[in-house]
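One structure below.
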Amino acid sequence: MKHTEPALQIDIRGATSAKLAKAHRLNPSDLQGIEPRIRAVLKRMAAERTQGKHRYRELPYRLVECRTIQALAAEYRPQVENLVVLGIGGSALGNIALQTALNSPFYNVQPRERRGGPRLFVIDNVDATYVGDLLDLLDDELPNTLFNVISKSGETAETSSQFLIMRELLRKRLGPLGARRNILVTTDASHGSMRAIVDREGYRSLIVPDGVGGRFSVLSPVGLFSAAMCGIDIEQLLAGAAAMDRRLDAPRLAANPAATIAAVKYLYTQRGKPLHVMMPYSQQLRDMADWYRQLWAESLGKRYDEQGRREVFAGATPIKALGATDQHSQVQLYREGPNDKLIVFLEVEEPARDVTIPHAFADVEAMRYLGGATVHGLLNAEKKATEQALQVSQRPTMTIRFPRISAHAVGQFIYLYEVATTIMGYLLGIDPYDQPAVELGKKITFHLMGRRGYETRPTE
Ligand code: PA5
């Protein structure tokens, strides 16, 4: 019999608790008040989905593509010792988040037999030391290094520059054939300069599905290839996303986890708490908060309403924190600074492994009480303690609970937050899928770097 994977749980008691004063609490009437709007948004999204919008929602069902990626990974894995992903934003953050969540934090320094797959480096910035030091590190191993260039648009300066550096190096060391063998490009099927280069130079390639924006693309070949190379069960990731999709059919707010997250965050945004912290109490989920930060910021921070007519300056600021580490860094501010935040904890019930703290120093109370407890027990106690301490300071919280961290649970989480982002965008009355404000900086960079067609300094 097939083992059933447990579902993520959404717990909003930290927001509805009677211990919070009225100004900081969500009452049943607040949630009832927004229910008709949520129902309307869900209905609209369902209708639009049948018309081909929200294309990221179909990614969990692209099983043929999943098998192709698995086959490609199986072919590369025996000979590839290092996988270097060249990408930025939505073409990198998901890859990093999957690797941190589902492989050991020490994966890259483990022996090959233990890792199974290649070492993974995701180079998501242009920085001479960063790039130069990587080149030094890989110098002797270039023949066994695969570069996965990921760019949906194929026009991004950071990724293009990295590609040019790596291509040149490979050509010098391994010749044009070697360069072709060691580069795999993930880009749009037909548009953009990268696709034209793939066709010209004959690189192998994967396709970023049409209509799927960068920050919604982690469950496409963008995120799946590096994950499969590093031994992550990508079928389970997609199965988790599909399982979440089924839950998100529920029209009732309380039964729909994405609608619940969006409604709670929307209500608090309207009530003077537009800062939305994600604080995983899990080292493995640390980079999920970074992935969320891009998703929430780039999707929701918009000057104009959806029709592009009215200035709304919408948005909510995502903040990443890490428990327990940031108890010693951020919690002072969260408790005593401006009461403008909603803190969303990620909690893990069953750790993959636990470590028992030894008994010692029976006469030193600061050591004695820890003896016999486990590290995970301590971490979750600290989460509860922080939640309660925040409540004493009238700070609302909510918790997304992972029964355990698995590819299935991570797939659920990614899909959940993507849909919550779309719902939030619709509640705010903006288009969550564009990013017009990012474009000007890109164009001015082209101008400053002398790209033809950008001779005049762009102003919009
Ligand atoms: O979400 C987005 O669309 C962006 O963050 C992109 O992912 C990022 O700008 C990189 O773009 P590209 O994949 O086209 O190189």
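Quick look at the values:
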| quantity | calculated |
| --- | --- |
| Residue, farthest from the ligand (Cβ to nearest atom), within region 404-460, restricted to residues that are outside any helix (DSSP H, G or I) and at pLDDT below 90 | THR459 |
| Meets criteria (closer than 16 Å to LEU63 by Cβ, within 15 Å of the chain's Cα centre (by Cα), assigned to a helix (DSSP H, G or I) and at pLDDT 95 or above) for LEU224 | yes |
| Test for VAL264: is it outside any strand (DSSP E or B) and either in contact with a strand residue (DSSP E or B) (Cβ under 7 Å, 6 or more places away or on another chain) or not assigned by TED's automatic domain parsing to the domain that holds ARG114 (or both) | yes |
| So ALA239, is it more than 11 Å from the ligand (Cβ to nearest atom) and either assigned by TED's automatic domain parsing to the domain that holds GLY425 or under 20 Å from the mean Cα position of the chain (by Cα) (or both) | yes |
| Of residues in region 74-86 being in a strand (DSSP E or B) and not β-branched (Val, Ile, Thr), the one farthest from the ligand (Cβ to nearest atom) | ASN82 |
| Residue check, GLY211 over 29 Å from ILE343 (Cβ atoms) and either within 20 Å of the chain's Cα centre (by Cα) or modelled with pLDDT of 95 or more (or both) | yes |
| Unmet criterion (only one of (1) surrounded by fewer than 13 Cβ atoms within 10 Å (Cβ to Cβ); (2) assigned to a strand (DSSP E or B)) for GLY308 | (2) |
| Scope region 371-427; condition touching a residue at least 24 places away in the same chain (Cβ under 8 Å), out of contact with any Asp or Glu (no Cβ under 8 Å at 6 or more places or on another chain) and charged (D, E, K, R); matching residues | GLU382, GLU387, ARG395, GLU418 |
| Residues that are within 30 Å of LEU390 (Cα to Cα) and among the polar types (S, T, N, Q), drawn from region 1-58 | GLN9, THR16, SER17, ASN27, SER29, GLN32 |
| Helices (runs of 4 or more DSSP H) (entirely within region 87-150) containing at least 3 residues that are within 16 Å of the ligand (Cβ to nearest atom), surrounded by 13 or more Cβ atoms within 10 Å (Cβ to Cβ) and touching a residue at least 40 places away in the same chain (Cβ under 8 Å) | 93-102 |
| Residue count for region 156-176, restricted to those that are touching a residue at least 60 places away in the same chain (Cβ under 8 Å) and either among the charged types (D, E, K, R) or within 15 Å of the ligand (Cβ to nearest atom) (or both) | 6 |
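The values are calculated or read from the model by the stated rules, or taken from the named source; none is laboratory data. Owing to the predicted nature of the structure, the values given are computational and were not obtained by experimental measurement. So basically every Cβ, Gly included, is an ideal-geometry build from the backbone, and we count neighbours across all protein chains shown.
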